[in-house]
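Chemist: Pasting a structure below so you can have a look.
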Amino acid sequence: AFWIFSTLMAVFHAELEEAGVPEAITYTVLFFSSVVNGFTVGILWASANQYVAECSSDDNKGFVFSYFWCFYMTSQVLGNIIAAFTLGELDQVYYFVIMGIIACLATGSFMFLQKPTPIMKKSQQLK
């Protein structure tokens, strides 16, 4: 969400320049937010994959990861649909605000994830 909202500086680049904000500040903020995004997205993907792995057993690991991947790709499709309707009808600023709000809500939903319960293998259940 931080990265999406920081790109609003690029959207308002002309207005900020007219207001006397140096161009170097805009580039610095965008560069800094890209660096922060680059470091944190690695942690995000490692954590997401670890969580999905903990939610699955050896028997259904392929299904669970493919289900996660399908859900993730659906977000790409929905994001493009939102962009098509928003950018076609509204100003570019509204697109960034809408996507930032969705990102904040999605990030907040991580607070409600529960610790997965370990699933025993079939061979362990028989013993």
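The values are calculated or read from the model by the stated rules, or taken from the named source; none is laboratory data. Everything numeric in this text was worked out from a predicted model, so none of it was measured. All Cβ positions, even for glycine, are placed from backbone atoms using ideal geometry, and neighbour counts span all protein chains on display. Surface areas here come from the heavy atoms of the whole protein model, side chains and all, with no ligands, DNA or RNA. Shrake-Rupley method; radii C 1.70, N 1.55, O 1.52, S 1.80 Å.
Chemist: Does F12 satisfy being open to solvent by 50 Å² or more (accessible area, probe 1.4 Å), among the hydrophobic types (A, V, I, L, M, F, W, C), in contact (Cβ under 8 Å) with a residue 60 or more places away in the chain and over 18 Å from F110 (Cβ atoms)?
Modeler: yes
Chemist: Follow-up. Could you give every pair whose Cβ atoms fall below 7 Å, whose first residue belongs to the range 64-78 and is within 17 Å of E54 (Cβ to Cβ), and whose second residue is assigned to a helix (DSSP H, G or I), counting only separations of at least 6 or pairs across chains?
Modeler: These pairs meet every condition: V64/V52; F65/V52; F68/V52.
Chemist: Next question, about the same structure. So is Q76 on the phi < 0 side of the Ramachandran plot, loosely packed, with under 10 Cβ neighbours inside 10 Å, of a type in the set (S, T, N, Q) and not in a loop (DSSP other than H, G, I, E, B) or not?
Modeler: yes
Chemist: Residues of the range 24-54 being farther than 25 Å from L8 by Cα, more than 15 Å from the chain's Cα centre (by Cα) and open to solvent by 50 Å² or more (accessible area, probe 1.4 Å), which ones?
Modeler: Q50, Y51, E54
Chemist: Continuing with this model, one more query. Name every residue in the range 89-107 that is assigned to a helix (DSSP H, G or I), free of Cβ contacts under 8 Å to residues at least 24 places away in the same chain and farther than 20 Å from S75 by Cβ, in order of residue number.
Modeler: Across the range 89-107, the qualifying residue is only E89.
Chemist: Scan the range 115-127 residue by residue and report those that are at pLDDT below 80 and either within 22 Å of the chain's Cα centre (by Cα) or not β-branched (V, I, T) (or both).
Modeler: P116, P118, M120, K121, K122, S123, Q124, Q125, L126, K127
Chemist: Here is a follow-up. Only one residue in F96, F65, F112 is under 17 Å from the mean Cα position of the chain (by Cα), among the aromatic types (F, W, Y) and open to solvent by less than 90 Å² (accessible area, probe 1.4 Å). Which one?
Modeler: Result: F96 is the single residue among F96, F65, F112 that is under 17 Å from the mean Cα position of the chain (by Cα), among the aromatic types (F, W, Y) and open to solvent by less than 90 Å² (accessible area, probe 1.4 Å).
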